[in-house]
Amino acid sequence: MPHVSSFRTTVTRAGSGALSGLLAGSTALAAAELTAALVRPASGPVTVVGGAVIDRTPAPVKDFAIRTFGENDKLVLQLGILVLLTLSAIALGILALRHRRAGATGVLLFGIIGGAAALSRPDTAGAADTLPSVAGAVAGAAVLHMLSGKANPTGSPKKTEGGAGNWSRRGFLTAAAATAAAAATAGALGRVLSGERGQGAVASRNALSLPAPATPAPALATGAQLKVDGIGPFTTPVRDFYRVDTALTVPMVDAGTWRLRIHGKGVTRPRTHSFEELLARPLTERDITLTCVSNEVGGPYLGTARWLGVPLADLLREAGVRPPSQGGTADQLVARSVDGMTLGSPVEDVMDGRDAILAVGMNGEPLPFDHGFPVRMLVPGLYGYVSACKWITDIELTTFDAYDPYWVKRKWARRAPIKTQSRIDTPKPFARPAAGPVMVAGVAWAQRRGITRVEVRVDDGPWQDADLGAQETTDTWRQWSYRWNAASGGHTLTVRATDGTGQVQTEQRARTIPDGASGWHSVFVTVP
Ligand SMILES: Nc1nc2c(c(=O)[nH]1)N[C@H]1C(S)=C(S)[C@@H](COP(=O)(O)O)O[C@H]1N2
Ligand SMILES: [Mo]
């Protein structure tokens, strides 16, 4: 039965081709991650290619990803890259059965893509960053070349003495098993090494005990926290605090070796501060609500924490910086993180007396790694992307004309004060509350201006005043509640806030791009 056996041979061969490809791919990744662990953490190919994709993602697509996948967007991206790599590895493995060189060349091409991605990242340190991709590609190409030779000796008939049926299954499987073992070992070693790198950072955080603030935050006003089911805590616990950044691997910075450089236009006394020096200064503690410009109307990307930090304006004044209103020549402060992110804030805002700080503590603990350990910047009243640099390491004074930071290069606004907004947290959309009294509640925010009034409307009825939680500072959100006497039927609940300048929150819908969403938040519920 000749065709059955030739069919079987074809399937077996395709299978061994696919296996060769997968093993070559795994070897490539393992070798690359091991090299990255040795040369520079976070320069592995999946991280740099993912980072390069994030850098190039158009704002609407990025917003779609945040909307659809929420904070899992990075995981989805990395899984996507791995799926693509897996499929490509299988395809190249099968290709290599017939065209050994072409298969190996294909693997090398992936190395070039990885190297190019590494060079394109904002934090690239130059040619060394291409090493992981190059090392991985060379290892992967060599493995594919070797395995495809063993899988298909007929692919190069002149060099083999035997015929088609004579390929050594055992020879191939032995080589495959040896490769798998080598890749696993390299991968495990890479993991151990990069884990060790992070240890210094973890140890420096564990060893840290934060000094008491020279200026403590006022005690939370009684009545700031409303006692209504379904409304969140006034102070957001760290584990529930939203996270938005472009970092595929969270930077692990050792506080002991961390430095902050302050330099640039109008800086007459440039300085480099160590973490110890910052901690020795009088610290200020403040409740501040941080908000992301990518937060949709009704969205989850804001939170309030009790931050501890060094007043930034003092550091700037010591360096000789003056705000434009006092004759200073720099109007933009560009903060740069260890991962190359740049964020630009108006110097005037940072120095106008508000509590702009370099934060070292969050809710009584050292900054968590996810939120910028050891130091991050915070400027009340500005969206995070123009103020809240995590893992900060450099502050450069410049002008808005001279320099566009990361997000501005990607079409977001240069200046972005937080818009007056409000949100209904309870009842949830499509809830089915029983008829009778229903507590409608949520938060409203207009950092720096404060909230003076919140109103709720049921369907097209009149606006009704909500009760407001206490407000200690204009830099935090304010909770509100409204007791609604619900009648059966479908109802739309809508909220709007008025800020401290008397401005009523606009009904005008705006997208998050370029400077933050606006419009009223509504929730539809059915009262059975
Ligand atoms: N280094 C770095 N800092 C960053 C970002 C980033 O991508 N990288 N994102 C900014 C944005 S867009 C926001 S909204 C805040 C979010 O801070 P959080 O993750 O602590 O909530 O951090 C800001 N600081
Ligand atoms: Mo943001």
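The values are calculated or read from the model by the stated rules, or taken from the named source; none is laboratory data. Because the structure is a prediction, the values reported are computed rather than measured. Ideal geometry is used to build each Cβ from the backbone, glycine not excepted, and the neighbour counts take in all protein chains shown. Just the protein is used for accessible areas: all its heavy atoms, side chains included, with ligands, DNA and RNA removed. Shrake-Rupley method; radii C 1.70, N 1.55, O 1.52, S 1.80 Å.
Summary of values
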read-out	value
Nonlocal amide H pairs with Ala125, under 5 Å, H built at 1.01 Å	none
Extreme residue, positive dipole direction of segment 421-527, given options Asn485, Gln464, Thr452 (C-beta unit charges)	Asn485
Ranked by how many other beta carbons lie within 10 Å on average, peptides 428-440, 355-367 from highest	355-367, 428-440
Cα gyration tensor, segment 2-203 - rounded (a/c under 1.5), prolate or oblate	prolate
Where labels lie 7 Å past Cα in the beta-carbon direction, separation of Leu193 and His263 in nm	3.1
Surface accessible to a 1.4 Å probe, Glu296 within the full protein complex, Å²	70
Dipole of the chain [Lys/Arg +1, Asp/Glu -1 at C-beta], most positive-end residue of His145, Leu79, Thr342	His145
Anchor Lys150: lysines whose Cα lies under 16 Å away (excluding residues fewer than 8 positions away in-chain)	Lys158, Lys159
Protein accessible area in the chain, 1.4 Å probe - carbon and sulfur %	58
Loop trypsin sites (Lys or Arg not before Pro), segment 441-525 (other Cβ atoms within 10 Å of the site Cβ: 16 or fewer; DSSP)	Arg509, Arg511
Residue-normalised accessible area of segment 238-410, given per residue in Å² at a 1.4 Å probe	33
Extension gain (nm, one decimal) between Ala59 and Arg170, 0.36 nm per residue minus Cα-Cα	34.7 nm
Listed peptides 67-76, 274-283, 116-125 by packing density, highest first (mean Cβ within 10 Å)	116-125, 274-283, 67-76
Translational diffusion of the chain, µm² s⁻¹ [Kirkwood Rh, Cα pairs; Stokes-Einstein; 25 °C; 0.890 mPa s]	93
Placed amide H near Gly519: partners under 5 Å, 5+ positions off or other chain	Thr506, Ala510
Ellipsoid semi-axes in whole angstrom, largest first, where each is sqrt(5λ) of the Cα gyration tensor of segment 3-45	37, 6, 4
Long-range Cα-Cα pairs in segment 238-410 (distance over 21 Å), rounded percent	43
Cβ crowding within 10 Å averaged over residues, with 394-405, 232-243 ranked highest first	394-405, 232-243
Restraint check, Lys74/Lys428; Lys265/Lys411; Lys390/Lys411; Lys62/Lys390; Lys62/Lys409, Cα-Cα greater than 23 Å	Lys74/Lys428; Lys265/Lys411
Per-residue HN-Hα couplings for segment 478-484 [Karplus 6.51, -1.76, 1.60; θ = phi - 60°; Hz; x = Gly/Pro]	10, 7, 9, 8, 9, 8, 9
Neighbour net charge for Trp445 - beta-carbon separation under 11 angstrom, K R +1, D E -1	+3
Cut-off under 5 Å, modelled amide H: who pairs with Leu382 long-range	Ile418
Residue-averaged [θ]222 nm for the chain, counting only DSSP H segments that reach four residues, each worth -39500 (n - 2.57)	-12000 deg cm²/dmol
